[in-house]
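Take a look at the structure set out below.
Since every read-out is calculated from the coordinates, none of them should be taken as a lab result. None of these values were measured; they are calculated from a predicted model. Using ideal geometry, Cβ is built from the backbone for each residue, glycine included, and neighbour counts are taken over all protein chains shown.
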Amino acid sequence: MGSGIAAECALRGYFVTLEDTTEVFAERGRANALRALEHQVRKGHLSAADAAAAAARIDPAIGMRRISSADIVVEAAPENLALKREIFREIEAGAAPDALLGSNTSSLPITSIGQDLKDPGRLVGIHFFNPVLQMALVEIIPGLRTRPEEVARAREFALALGKTVVLSKDTPGFVTTRALAVLVNEAAWMLYEGVATAEDIDTAYVLGFHHPMGPFALIDLVGIDTAVSILDVLWEGYRDPKYRVCPLLKSMVAAGRLGRKTGEGFFRYPAPEP
Ligand SMILES: NC(=O)c1ccc[n+]([C@@H]2O[C@H](COP(=O)([O-])OP(=O)(O)OC[C@H]3O[C@@H](n4cnc5c(N)ncnc54)[C@H](O)[C@@H]3O)[C@@H](O)[C@H]2O)c1
């Protein structure tokens, strides 16, 4: 998601530092961003010149060395509360006091992510959708202590990226993920129980409900590890059996079949070109 957000921001004229834990991962993020831009060129939605200009605005980095010069920081690390809290402590220590701080979490309460911050009023949920360049929605989530002016800034940022904004209260899964998680989990339970094949379940959702892709194609795109983390957050947050994660999803994670990003999930994918 970080690479998609970087690509969208660069396309709209922002200079982007794409931060990761190692140089290899940061470079991989930039390569993914370039691939997303090239895909838009191939589809005729973007000129090669605009894609090249955007690519030149994305710089991979590690160690948060450039954090002090950022106007906007968007965190898109794995869906893990302890990790995100730690990252935001580090961000707050290095970032300018007036920088907008956003988290792209898809399910974790913003209030919990920001609970260690000296100024939790700065943190806003800015939830993008995958693939970022193609998806028009951004869900904005104010935490309980988020200042209204920071929410307004987050909204302006999303609008500047050409997105449509919906506002959600700070509840686990917000509006979008809460519904989506149940849908893909139910599909996984059906596969687990032998009701139908993954291919037939996907075909049923696409042709029967006019969904643009089936639940297994979607979960492969999202990442099965991310989907399991999200279901765990919803289970933890509501303790409602409807969020009980299908064991098949956990087995897929244990097997390293995480979806598109590992080349295999419910379906197989060709390796990305270097
Ligand atoms: N996958 C989706 O479709 C989707 C959609 C919307 C939102 N999200 C949310 O976006 C976030 C990221 O999800 P993802 O699927 O892109 O995860 P991912 O595991 O594919 O990518 C996470 C990236 O963060 C890096 N990272 C780990 N620790 C870091 C640190 N301390 N500092 C900097 N980078 C670090 C990893 O190396 C990796 O490159 C999650 O909060 C997820 O819930 C995901």
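Things to note:
- Share, in percent, of DSSP beta bridges within the range 2-167 that are antiparallel, nearest 5: 25 percent
- Reachable lysines from K84, criterion Cα separation under 16 angstrom, eight or more residues apart if same chain: K118
- Per-residue Cβ neighbour rank within 10 angstrom, fewest leading, R244, R57: R244, R57
- Summed side-chain charge close to I62 - residues other than I62 whose Cβ falls under 9 Å, Lys, Arg +1, Asp, Glu -1: -2
- Cα centroids of the range 15-48 and the range 76-155: 22 Å apart.
- Alpha-carbon Debye profile of the range 176-262, log10 I(q)/I(0) at 0.15, 0.20 Å⁻¹: -0.51, -0.92
- In the range 2-167, a dipole from Cβ-located charges (positive for Lys and Arg, negative for Asp and Glu) runs towards its positive end, and of I113, I5, G94 it is I5 whose Cα lies farthest in that direction.
- Set of lysines near K261 by C-alpha distance (under 20 Å), chain-local residues within fewer than 8 positions excluded: K250
- Neighbour-count order for H39, H210, fewest beta carbons within 10 angstrom listed first: H210, H39
- Stokes-Einstein D in µm²/s, Kirkwood radius over Cα pairs - the range 2-167 at 10 °C with 1.306 mPa s viscosity: 99 µm²/s
- Summarising the amide proton neighbourhood of S103: residues at separation of 5 or more, or on other chains, whose placed amide H is nearer than 5 Å comprise E75, V124, G125, I126.
- Relative contact order (%) - criterion: Cα under 8 Å, at least six apart; region: the range 2-167: 20 percent
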